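Where a number appears in this text, it was derived from the coordinates with a stated rule and is not lab data. Since the structure is predicted, the reported quantities are computational estimates derived from the model, not experimental observations. Quick reminder, even Gly has a Cβ in these numbers, built from the backbone with ideal geometry, and neighbours come from all protein chains shown.
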Ligand code: LR7
Ligand code: MN
């Protein structure tokens, strides 16, 4: 062989070897691309990892379909392309440039987020695809169950509610949506009546149901669930935006195991300028503290999935956004219908699913934005929370405005109405089951407690220790706030508005306190000895 030919042959052989052997340029890579995604997120039970590739990391394993079910790329490429071209206010999830006129308190009053800004942004606005890049390669079962989307709402803003519906319709495969059920929890805003019905008449898949009295979000969801016809029910809050390809990854996991309840990753839509952003990170799971506060805490590195885009287990869900097999939801008993207005239902459903042989997962390739409110705008009916503490003698209210930790509590003029003003004036208090008194409504109490060290001392705010003692209070029939350790009562000064302890004298009006809302059951429990 001539020397030149030999060189040529060597070169060809080298290229061939590279094609076959180098994982990311070679035939291997091509082969891998044609394989269905076999990570648990792709099609869990249906795929089996091929043996003998131990020296490579997770991503390089070769998978094959185990039981003949076909997988498919559910991305709507056309919709993605259309979204990418959109320009305008808030498009691509960018912050809306707010003017001072839009920044006013009035814009927030009805919804706890800026409705003026919401109204300026298209109902079909695009959101940034902030999924992990691996999500683009994921394939899901070709045949997926369909779902009813249940959206409870109480006095929701027009554009925020409609954008929720539009985003679902724009970014879900139509064959997977059995229906969208809007469930009105006894709203009184006009736009949610006839105008909403007229508008939704244009969308054949949308139904509107209404409760006959204010039920709270839990029973409202139950009404929607009992009317649902889809294989799966998917709950959303009434101010959400579904992201790219959000639905198939959820339904796929339920198709693999009908006892799996799945949650999308919840992104943040800013309550001021409506920018769309991720939360602290995806490697977090649901948890709660001793106050039953829901929070997300980091997953320890050794427990994290090799592929961060894969589904992972979570002990408790955030609450509002999840999909569940419809029959399984009812096998679990649905929600406890005794749950009022807001909160706690996420623990109930989370504990039940784990205790009844199911599982709960967060799905990083499914993302939905949610507007976290600045404050709670709606009324919680009387009898549910214990709020403002009025002093009978002075007509003033206990207030923590000057309540730096340790400084004496004072009286202030009672703030009327709800919304940010009331919130900032810190006149809302809650008796907790620990028999202490904390600023904040029952769902958002601060960890400071009314504290008194003697029968003549000022009442201050001190870190709650939950050990009763100086933080133990009783609300008595005679309207006094009794402090058992010092055997004295809360009193106040008409001249300088300080709140302090004094020898109990129930006939003194300055020792009588009234609560804006009083729940007799809670108070009875509170005062049980
Ligand atoms: O009386 C009411 N009736 C209702 O129908 C009060 C509220 N609602 C509706 C309301 O319109 C909304 O669609 O119920 C839904 C939830 O109420 P929000 O949006 O005022 O509350 P939130 O965003 O703080 O809700 C979180 O916590 C709730 C109580 O535990 C529910 O679980 C919500 O679904 C939950 N939201 C989410 O999980 C989204 C992620 C943010 C968080 C936390
Ligand atoms: Mn919400």
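Points to keep in mind about this one:
- Hydrodynamic radius of segment 298-391 per Kirkwood, over alpha carbon pairs, in Å: 16.4 Å
- Mean shadow area of segment 90-190 over all directions, Cα convex hull, nm²: 8.4 nm²
- Taking all Cα-Cα distances within segment 190-243, those exceeding 13 Å account for 70%.
- Translational D in µm²/s for segment 166-298 (Stokes-Einstein at 4 °C, 1.567 mPa s, Kirkwood Rh from C-alpha pairs): 75 µm²/s
- For peptides 322-332, 467-477, sequence by mean Cβ density within 10 Å, most packed first: 322-332, 467-477
- DSSP finds beta bridges in segment 172-311, and of those with both partners inside it, around 60 percent are antiparallel.
- Ranking of 497, 154 by count of other Cβ atoms within 10 Å, fewest first: 497, 154
- Rg and Dmax of segment 71-137, based on Cα coordinates, read 15.9, 51 Å.
- Three-way shape call for segment 409-514 based on the alpha-carbon gyration tensor, with the a/c threshold at 1.5: oblate
- Inter-part distance where segment 95-114 and segment 261-302 are each reduced to a Cα centre, Å: 25 Å
- Values of log10 I(q)/I(0), in the order q = 0.13, 0.19 Å⁻¹, for segment 140-224 under a Debye, Cα-only, solvent-free model: -0.42, -0.84
- Packing around the peptides 101-109, 268-276, taken as the average count of other Cβ atoms within 10 Å per residue, puts them in this order, highest first: 268-276, 101-109.
- Proxy reagent accessibility, fewest Cβ within 10 Å first, across 461, 514, 123: 514, 123, 461
- Inverse of mean 1/r across different Cα pairs in segment 243-285, Kirkwood, Å: 12.3 Å
- Sequence of 206, 87 once ranked by neighbouring C-beta atoms within 10 Å, starting from the fewest: 87, 206
- Spatial separation of Cα centroids for segment 158-188 and segment 442-481, in angstrom: 45 Å
- Taking the convex hull of Cα positions in segment 244-400, its mean projected area over all directions (nm²): 12.8 nm²
- Packing-based ranking, highest mean first, of 364-377, 172-185, 130-143 given that Cβ atoms within 10 Å are counted: 364-377, 172-185, 130-143
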